[in-house]
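Single-structure report; data block below.
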Amino acid sequence: MFKLPELPYVFDALEPYIDARTMEIHYTGHHAAYVKNLNDTLKDYPELQDKSLTDLLCDLNALPEKIRTSVRNNAGGDYNHTFFWPLMTKNAVLGPLEKSAQGINKTFGSFEQFQKQFNDAAKSRFGSGWAWLVVNKQSNLEVTSTANQDCPISQGQEPILGLDVWEHAYYLKYQNKRVDYIQAWWHVVNWQQVEDNFRKVC
Ligand code: MN
């Protein structure tokens with residue numbers, strides 16, 4: 001059965017950019033619900049319970065049709081949030097490191113150009129979803145976004161950086177001002193984790 005992974009910091013660690021109450025509800029409410037719903041979905045499918053989130057999400061078409069949408073949403077929700085938490089830290093440096101910095105500069109021209117594309121993806125995702133920096137099937141860096149809890153790995157892409165733009169991620173502090181949340185979030189991005197993610201793929 002799937003378990004809620006530990007949060008790598010306390011709820012108020014990312015104040016004032018991400019407030020403690022939002023972090024608590026996001027983790028103990030939303031993320032925990034994805035894990036519970038995934039386990040409920042798989043309860044009659046013991047052969048799927050030993051699979052990893054990656055196994056489930058990389059080949060959604062292999063799943064029984066009856067549970068495919070629920071696995072897509074809830075395994076996706078678990079994967080995306082498990083990926084998201086370590087991408088933030090209270091000890092943030094201000095930009096990409098080493099190999100990932102080189103990759104970003106090569107693909108986008110500069111960090112600022114990358115940041116603009118990423119901000120646009122995060123702002124323009126209609127409704128709930130995520131903005132991503134991924135390594136695509138051609139092994140190039142690319143900014144993308146997904147709806148709902150859809151996960152880049154279901155499209156053959158490896159996520160390097162991701163931002164949750166569901167209202168549950170920011171509404172208590174930022175209300176309808178998603179742009180303010182996006183701007184604040186850059187202050188807590190864990191570029192060491194981005195570097196580690198990039199080196200795992202490239
Ligand atoms: Mn979320």
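The table for this structure:
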{"item": "Positive-end residue of Trp185, Thr69, Ser110, charge dipole of the chain with Cβ unit charges", "result": "Ser110"}
{"item": "Charge dipole magnitude, Cβ of K and R +1, D and E -1 - region 20-87, Cα centre, debye nearest 20", "result": "220 debye"}
{"item": "Dipole moment magnitude, nearest 20 debye, region 98-201 about Cα centre, only Lys, Arg, Asp, Glu C-beta charged", "result": "100 debye"}
{"item": "Sulfur and carbon atoms: percent of accessible area, the chain [1.4 Å]", "result": "48 percent"}
{"item": "Selection from Met1, Leu133, Leu14, by position along the positive dipole direction of the chain (Cβ)", "result": "Leu133"}
{"item": "Net charge dipole size for the chain [Lys, Arg +1 and Asp, Glu -1 on Cβ; Debye, nearest 20]", "result": "320 debye"}
{"item": "Lys123 versus Lys90: modelled label distance in nm, points set 7 Å from Cα along the beta carbon direction", "result": "3.1 nm"}
{"item": "Gain in span if fully extended, Gln155 to Leu97, counting 0.36 nm per residue against the direct Cα distance", "result": "18.2 nm"}
{"item": "Accessible solvent surface per residue of the chain, calculated while the other protein chains remain in place, 1.4 angstrom probe, Å²", "result": "50 Å²"}
{"item": "Linear extension gain, Asp44 paired with Gln183, 0.36 nm per residue minus alpha-carbon span", "result": "45.7 nm"}
{"item": "Whichever aspartates and glutamates have a C-alpha closer than 15 Å to that of Lys173, once near sequence neighbours (fewer than 8 apart) are set aside", "result": "Asp12, Glu15, Asp19, Glu24, Asp164"}
{"item": "For the chain: relative contact order, % (alpha-carbon pairs under 8 angstrom, 6 or more apart)", "result": "25 percent"}
{"item": "Across Lys3/Lys43; Lys3/Lys137; Lys99/Lys123; Lys36/Lys66, pairs whose alpha-carbon gap is larger than 25 Å", "result": "Lys3/Lys137; Lys99/Lys123"}
{"item": "Centre separation in Å (Cα based) which lies between region 96-111 and region 1-28", "result": "29 Å"}
{"item": "Label-zone membership for region 165-202, site Glu6, 7 angstrom Cα→C-beta point, backbone N under 19 Å", "result": "193"}
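The values are calculated or read from the model by the stated rules, or taken from the named source; none is laboratory data. Not measured: the values here are computed from a predicted model. Cβ sites come from the backbone with ideal geometry, for glycine too, and all protein chains shown count toward neighbours. When the accessible area is computed, the model is the full protein with side chains, heavy atoms only, and any ligands, DNA or RNA have been set aside. Shrake-Rupley method; radii C 1.70, N 1.55, O 1.52, S 1.80 Å.
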